[in-house]
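Asks: Once you've had a glance at the structure underneath, I'll fire off some questions.
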Amino acid sequence: MKVDNHIEGKIAAKAISQLGFNKAIEREPCEPKADGSITSALVKTKSKRALLNALKKHEHLLVNLTELEKYWRDDELFAALKGHYVELCFRDYSTAKDLGKGRMLVEKLVKRGLKYCLTSGATDEFELRSPRGLVAFGVLLGLTQQQAYSALGEIK
């Protein structure tokens, strides 16, 4: 099933009707509190400690790592991600430097057998990406075409 798991605002209908997604999920990223409590299944933070607490306290979170310092090479963080999904958001990889970090992240995710999900992170209809565009983005990050297509599946 082709799912865009991170759309902000009321643009899910366009993602489904015009771009070919089976489902589009509108999610606002949340900042975990120090004790690890969260208000949304999509977590994005600058605090590694708060994120680690949230990962221990909850199951099957969708985690965006791009605001953390040196996230692409943090072994403690990768150990805590088991059983959770890492968001590979198109919007977060707009420069060559960011793409390099994304490639290193994807390499470690695949090597360790961790789950990941490709999303557009669109905030308006002009930022929406088609499933084909997200697959191409996944390939650019180092996934095979099959891995990228599988990363569009629904998060359980």
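Asks: Among the residues of segment 76-98, what is the count of those that are in a helix (DSSP H, G or I), surrounded by 15 or more Cβ atoms within 10 Å (Cβ to Cβ) and either hydrophobic (A, V, I, L, M, F, W, C) or touching a Pro at 6+ places or on another chain (Cβ under 8 Å) (or both)? It would help to see each step written out before you state the result.
Replies: So in segment 76-98, the residues in a helix (DSSP H, G or I) come out as 76-80, 90-92, 96-98.
Imposing the further condition that a residue be surrounded by 15 or more Cβ atoms within 10 Å (Cβ to Cβ) reduces the set to 77-78, 80, 90-92.
Going one step further and asking which of them are either hydrophobic (A, V, I, L, M, F, W, C) or touching a Pro at 6+ places or on another chain (Cβ under 8 Å) (or both), we end up with 77-78, 80, 90.
Qualifying residue count, segment 76-98: 4.
Asks: Report whether or not Thr119 is under 18 Å from Ala13 (Cβ atoms) and either β-branched (Val, Ile, Thr) or surrounded by fewer than 14 Cβ atoms within 10 Å (Cβ to Cβ) (or both).
Replies: When the stated conditions are applied, Thr119 passes them.
Asks: Return the only residue of Gly102, Gly113 being more than 19 Å from His60 (Cβ to Cβ) and modelled with pLDDT of 95 or more.
Replies: Gly102
Asks: Confirm whether Thr144 is without any contact (Cβ under 8 Å) to a residue 24 or more places away in the chain and not basic (Lys, Arg). Show your work before the answer.
Replies: On the way: without any contact (Cβ under 8 Å) to a residue 24 or more places away in the chain: yes; not basic (Lys, Arg): yes.
So Thr144 fits the description; yes.
Asks: May I pose another question? Could you grab me the full set of residues in segment 30-45 that are outside any strand (DSSP E or B), within 17 Å of the chain's Cα centre (by Cα) and either acidic (Asp, Glu) or modelled with pLDDT of 90 or more (or both)?
Replies: Glu31, Pro32, Thr45
Asks: Looking only at segment 1-31, which residues are over 16 Å from Thr123 (Cβ atoms) and of a type in the set (Asp, Glu)?
Replies: Glu31
Asks: If you check every pair at least six apart or on different chains, which have Cβ atoms under 9 Å apart with a residue in segment 1-24 that is of a type in the set (Lys, Arg) first and a residue that is in a strand (DSSP E or B) second?
Replies: Close Cβ pairs satisfying both conditions: Lys2/Lys23; Lys10/Glu26; Lys14/Ala24; Lys23/Val3; Lys23/Asp4; Lys23/Asn5.
Asks: A further question follows. On the given criteria, is His6 within 13 Å of the chain's Cα centre (by Cα), not in a strand (DSSP E or B) and not charged (D, E, K, R)? Walk me through how you get there before you give the answer.
Replies: Details: within 13 Å of the chain's Cα centre (by Cα): yes; not in a strand (DSSP E or B): no; not charged (D, E, K, R): yes.
No; evaluated as a whole, the condition is false for this residue.
Asks: Which of the residues spanning segment 109-128 are assigned to a loop (DSSP other than H, G, I, E, B) and either among the aliphatic types (A, V, I, L, M) or touching a residue at least 60 places away in the same chain (Cβ under 8 Å) (or both)?
Replies: Once the filter is applied, which keeps residues that are assigned to a loop (DSSP other than H, G, I, E, B) and either among the aliphatic types (A, V, I, L, M) or touching a residue at least 60 places away in the same chain (Cβ under 8 Å) (or both), segment 109-128 yields Leu114, Ser120, Gly121, Thr123, Asp124, Leu128.
Asks: Right, Val106: free of Cβ contacts under 8 Å to residues at least 24 places away in the same chain, closer than 30 Å to Leu19 by Cα, in contact with a strand residue (DSSP E or B) (Cβ under 8 Å, 6 or more places away or on another chain) and not in a loop (DSSP other than H, G, I, E, B) or not?
Replies: Numbers: free of Cβ contacts under 8 Å to residues at least 24 places away in the same chain: no; closer than 30 Å to Leu19 by Cα: yes; in contact with a strand residue (DSSP E or B) (Cβ under 8 Å, 6 or more places away or on another chain): yes; not in a loop (DSSP other than H, G, I, E, B): yes.
Criteria not met by Val106.
The values are calculated or read from the model by the stated rules, or taken from the named source; none is laboratory data. Fair warning: this is a prediction, and the values are worked out from it, not measured in the lab. Virtual Cβ from ideal backbone geometry, glycine too; neighbours counted across all protein chains shown.
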